[in-house]
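K.L.:
One structure, as structure tokens, below. Some questions next.
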There are 2 protein chains.
Amino acid sequence: MLEKIEQANAKALQIINDAQPTLVDVKYAYEVFPGFDKKTILHAGPPIQWEDMCGPMKGAVLGAIRYEGLADTEEEAEKLVINGEIKFSPNHHWGAVGPMTGMTTYSMPVFVVKNEAFGNCTYCTINEGLGKVMRFGANNDEVIERLKWLERALAPALKKAIALAGGINLKVIAAQALTMGDEMHQRNVAASSLFLKTIIPYLIQVVEDGEQLLEITEFIAGNEQFFLNLAMAMGKATMDPAYNIPYSTVVTAMCRNGKNFGIRVSCTGDQWFEAPVEMPKGLYFPGFSAEDANPDMGDSAIVESFGLGGFCMATAPAVVRFVGAGTFQDAINYSKQMYEITVGKSTHYILPNLDFEGTPTGIDVIKVVDKGIAPVINTGIAHKEPGVGQVGAGVVNAPMGCFEKALVAIGEKLNL
Amino acid sequence: MLEKIEQANAKALQIINDAQPTLVDVKYAYEVFPGFDKKTILHAGPPIQWEDMCGPMKGAVLGAIRYEGLADTEEEAEKLVINGEIKFSPNHHWGAVGPMTGMTTYSMPVFVVKNEAFGNCTYCTINEGLGKVMRFGANNDEVIERLKWLERALAPALKKAIALAGGINLKVIAAQALTMGDEMHQRNVAASSLFLKTIIPYLIQVVEDGEQLLEITEFIAGNEQFFLNLAMAMGKATMDPAYNIPYSTVVTAMCRNGKNFGIRVSCTGDQWFEAPVEMPKGLYFPGFSAEDANPDMGDSAIVESFGLGGFCMATAPAVVRFVGAGTFQDAINYSKQMYEITVGKSTHYILPNLDFEGTPTGIDVIKVVDKGIAPVINTGIAHKEPGVGQVGAGVVNAPMGCFEKALVAIGEKLNL
């Protein structure tokens, strides 16, 4: 049996390594989700209902309802929710991912990332920038106006530019950015710069109005986390073909809804294994402290699910100063520890600081439980109250409970 | 006396650390060099005459004469040189620097980099790209046409963009790029991307013609070494205020003309101390080998003179694979060794991989000779024949003879 599991996990690793995530389009959510409607709101993490949502997710939901024009005020929006008119569903149930609160609604534009090696597509919204943004629970008029600009100005331009480029190979950008100090979760400055460098010649050709070209360029150039949402879509596009491999104990997704952390495992398909989320340890922006922090949240742990983020901290020592993770040696140690719980190494995502070893890839539920080492995740930290936004960044562990529950289910399924 | 030297070297280090190199303009060489004429050609390294020049420098000179319209063919150009109509002079004698052959002629546009802390300006041509380019000794029509395009299209656009930006702070870009795996001599991919990100909004505003904007954007985006020439001008702008500090034994410039390596030292002002250049050890492009290599050449060792390049290899482990310098640990060791021969550390250029220490800064002639450790330099490698171009990249040491000669001269000057 162990041999069967090993073979299945090797197959999963091969599938992950063979992925060719490519940005092929920008479309509206209503175009890509069959049967989607304005009153359905997609959120980060495993399933959750309004009553259980944390402050920033509630804030984001009320903002999203206003963004869709279903209500003029926050009070009206809340009334719609309480009257049961709004349906909630996880991004992952629609082939999508979203950072932090992870709001994806009907009119929002989404990146379409296709895994060219396997043909599957995944979706993620466009990164809004830092600070007071909907993914961190902010929901004022400025937040909503920015989202409308993404929808009406940025998305059509990106769509045309990507088409003219014939798609953009994200794996090449990510691999290069890893040699430039990005870990692709809390540090995307290299990847975002490389993405701008790649797309700008096409934007120049498709955006005729000079003012608009300038606005779009400044928006992308001004957001060092612009690539995060692309890295997330890459992650889901990379992992989706590794679902449902009989006997494979590789984790295919990790995500959090602000209350519970959920994981999925290859051989158990779409089943969620959940446990309460932990509090990140990190550094706070001026004026904020750990008291303001919301617990761990977002689909962005998909980045760690395919070996980046906290798993490749060794390549991004500069990030330890942003997430408060210690010294250079700590960064090295985080990555080294993750080799203990993974099936193997990436063949494309390389860490120069570990003598060009591939990143630790393919989290094995058995190894996690056996060694008692939980996956490490680099994360942004939202204010716990609705409407505020990001207050810091830090490091958090996936709760061991998810992996223990998964192992029980695997045992039952495999008659162990 | 040793105390006086220590104090003087501390002052030199302070001056280097206080530098604020800023890109303030692009002008033509004839605008910035008083008394310059079309028949004067500036070259890399200490003074050298035609008879002593290596193959690629001769090739570049003949190309430069054609570029200036003084001759139609290579034969005519060579006749002008042999008849003594062309004067040769080092870039350093005109406040300038140039990579590899370092050609700077009358009509060429130069970056104007001002050290805002001290008011001095330095100049460097615009990087032409990789491969068959004049700085590596190539000189065919394609090379000359590209230089004409730099002169007529790129330079005026950059000039306007820099003016609109109100100058561009290069120190900020360089400091960030060092946390992104650039060592700023053989690896400038981060700095070049950050520079593009910084200047593109201004280029969009000043270049009205869409075709031209595209051409300019693709040229900058397509050259990962674009920032090298800016780093070199930064280096000279940073070091020039450290000349002529009585008692200071800090090296203010290192450069090579393909035959001799020359250094200048603070307390001895403009005097050159020379020794034959060494051969780089490196990796060669497909089809070339060490047999094709020209000895060490270029003013680009100004980058090491202010603590970057080979001195900060620790931050750029990815470069060891390009220059053939070994493993991650070798990269760390190169930087650690350079602390042995420097006065102190940079306060702005930081190496995350050495736990955020500053780069080794301020080469002390006394320490170099005393410890027998020669400065390490990352370098491009030109083909030894004229007209070919770049064949590889590698690592080379400054020859100890320069430092020994300098130490003798310092001893005489200070009556030691």
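K.L.:
For the stretch A:171-225, what are the residues that are open to solvent by less than 20 Å² (accessible area, probe 1.4 Å) and of a type in the set (Ser, Thr, Tyr)?
P.N.:
Within the stretch A:171-225, A:Ser192, A:Ser193, A:Thr217 qualify.
K.L.:
Out of all the residues in the stretch A:78-89, is one or more crowded, with 17+ Cβ neighbours inside 10 Å and in contact with a Gly (Cβ under 8 Å, 6 or more places away or on another chain)?
P.N.:
No, the conditions are met nowhere in the stretch A:78-89.
K.L.:
Among the listed residues B:Arg146, B:Arg135, identify the single one that is among the basic types (Lys, Arg), more than 19 Å from B:Thr315 (Cα to Cα) and at pLDDT 95 or above.
P.N.:
That would be B:Arg146, the only listed residue that is among the basic types (Lys, Arg), more than 19 Å from B:Thr315 (Cα to Cα) and at pLDDT 95 or above.
K.L.:
Considering only residues that are outside any helix (DSSP H, G or I), touching a Pro at 6+ places or on another chain (Cβ under 9 Å) and among the hydrophobic types (A, V, I, L, M, F, W, C), which ones fall in the stretch A:27-62?
P.N.:
A:Leu42, A:Ala44, A:Ile48, A:Cys54
K.L.:
Restricting the stretch B:264-290 to residues that are modelled with pLDDT of 95 or more and among the hydroxyl-bearing types (Ser, Thr, Tyr), which is surrounded by the fewest Cβ atoms within 10 Å (Cβ to Cβ)?
P.N.:
B:Thr268
K.L.:
If B:Gly235 satisfies all but one of (1) within 20 Å of the chain's Cα centre (by Cα); (2) farther than 22 Å from A:Ala177 by Cβ; (3) at the interface with chain A (Cβ under 9 Å from one of its Cβ atoms), what's the number of the condition it fails?
P.N.:
Only one criterion is unmet by B:Gly235, namely (3).
K.L.:
Looking at B:Asp355, B:Asp330, B:Asp364, which is the one that is on the phi > 0 side of the Ramachandran plot and either at pLDDT below 95 or of a type in the set (Asp, Glu) (or both)?
P.N.:
Only one candidate qualifies: B:Asp355.
K.L.:
Just checking, which of A:Thr361, A:Thr342, A:Thr379 is under 21 Å from the mean Cα position of the chain (by Cα), closer than 28 Å to A:Met53 by Cα, open to solvent by less than 10 Å² (accessible area, probe 1.4 Å) and not hydrophobic (A, V, I, L, M, F, W, C)?
P.N.:
A:Thr379
K.L.:
From A:Met180, A:Met134, A:Met108, which residue is within 14 Å of another protein chain (Cβ to nearest Cβ) and either touching a Ser or Thr at 6+ places or on another chain (Cβ under 7 Å) or not β-branched (Val, Ile, Thr) (or both)?
P.N.:
Criteria check complete, one pass: A:Met180.
K.L.:
Now for a different question. Quick test for you: out of A:Ala71, A:Ala8, pick the one residue that is outside the structural domain of A:Arg152 (by TED's automatic domain parsing) and touching a helix residue (DSSP H, G or I) at 6+ places or on another chain (Cβ under 8 Å).
P.N.:
A:Ala8 is the lone residue from the list that is outside the structural domain of A:Arg152 (by TED's automatic domain parsing) and touching a helix residue (DSSP H, G or I) at 6+ places or on another chain (Cβ under 8 Å).
K.L.:
On to the next question. Would you call B:Ser335 out of contact with any Phe, Trp or Tyr (no Cβ under 8 Å at 6 or more places or on another chain), outside the structural domain of B:Lys171 (by TED's automatic domain parsing), surrounded by 24 or more Cβ atoms within 10 Å (Cβ to Cβ) and outside any loop (DSSP other than H, G, I, E, B)?
P.N.:
Taking the combined requirement at face value, the residue does not satisfy it.
K.L.:
Still on this structure, I have one more. Any residue in the stretch A:199-226 that is within 7 Å of another protein chain (Cβ to nearest Cβ) and at pLDDT 95 or above sitting within a Cβ distance under 6 Å of a residue that is part of a loop (DSSP other than H, G, I, E, B) and buried (at least 16 other Cβ atoms within 10 Å of the Cβ)? List the pairs, counting only those 6 or more apart or interchain.
P.N.:
Filtered contacts from the stretch A:199-226: A:Leu213/A:Val207.
K.L.:
Before we move on, is B:Phe195 under 28 Å from B:Pro46 (Cβ atoms) and within 14 Å of chain A (Cβ to nearest Cβ)?
P.N.:
No, not satisfied.
K.L.:
Then there's this: Checking A:Glu224 against (1) more than 18 Å from the chain's Cα centre (by Cα); (2) assigned to a loop (DSSP other than H, G, I, E, B), which single condition isn't satisfied?
P.N.:
The one condition A:Glu224 does not meet is (1).
K.L.:
Quick one: is A:Thr347 open to solvent by 10 Å² or more (accessible area, probe 1.4 Å) and part of a strand (DSSP E or B)?
P.N.:
yes
K.L.:
Taking the residues in the stretch A:135-149 that are more than 15 Å from the chain's Cα centre (by Cα) and surrounded by 20 or more Cβ atoms within 10 Å (Cβ to Cβ) as candidates, determine which candidate is farthest from A:Gln225 (Cα to Cα).
P.N.:
Result: A:Asn139.
K.L.:
Scan the stretch B:72-94 and tell me whether some residue there is assigned to a loop (DSSP other than H, G, I, E, B), touching an Asp or Glu at 6+ places or on another chain (Cβ under 8 Å) and not polar (S, T, N, Q).
P.N.:
Checked the stretch B:72-94: no residue is assigned to a loop (DSSP other than H, G, I, E, B), touching an Asp or Glu at 6+ places or on another chain (Cβ under 8 Å) and not polar (S, T, N, Q).
K.L.:
Could you please give the count of residues in the stretch B:302-332 that are more than 19 Å from the chain's Cα centre (by Cα), of a type in the set (A, V, I, L, M) and assigned to a helix (DSSP H, G or I)?
P.N.:
5
K.L.:
Something else about it: Picking from A:Thr327, A:Thr347, which residue would you name as being in contact (Cβ under 8 Å) with a residue 24 or more places away in the chain and among the polar types (S, T, N, Q)?
P.N.:
Every option except A:Thr347 fails the conditions.
K.L.:
Step by step: first the residues of the stretch A:157-170, then only those that are buried (at least 20 other Cβ atoms within 10 Å of the Cβ) and away from every other protein chain (no Cβ under 14 Å), then the one that is farthest from A:Gln212 (Cα to Cα). Which residue is that?
P.N.:
Looking at residues that are buried (at least 20 other Cβ atoms within 10 Å of the Cβ) and away from every other protein chain (no Cβ under 14 Å), I get A:Leu170.
K.L.:
Also, quick follow-up: Among the residues of the stretch B:234-263, how many are surrounded by fewer than 24 Cβ atoms within 10 Å (Cβ to Cβ) and among the charged types (D, E, K, R)?
P.N.:
The number of residues fulfilling the criteria is 2.
The values are calculated or read from the model by the stated rules, or taken from the named source; none is laboratory data. None of these values were measured; they are calculated from a predicted model. Positions of Cβ are generated from backbone atoms using ideal geometry, with glycine treated the same way; all protein chains shown enter the neighbour counts. Accessible surface areas use protein heavy atoms only, side chains included; no ligands, DNA or RNA. Shrake-Rupley method; radii C 1.70, N 1.55, O 1.52, S 1.80 Å.
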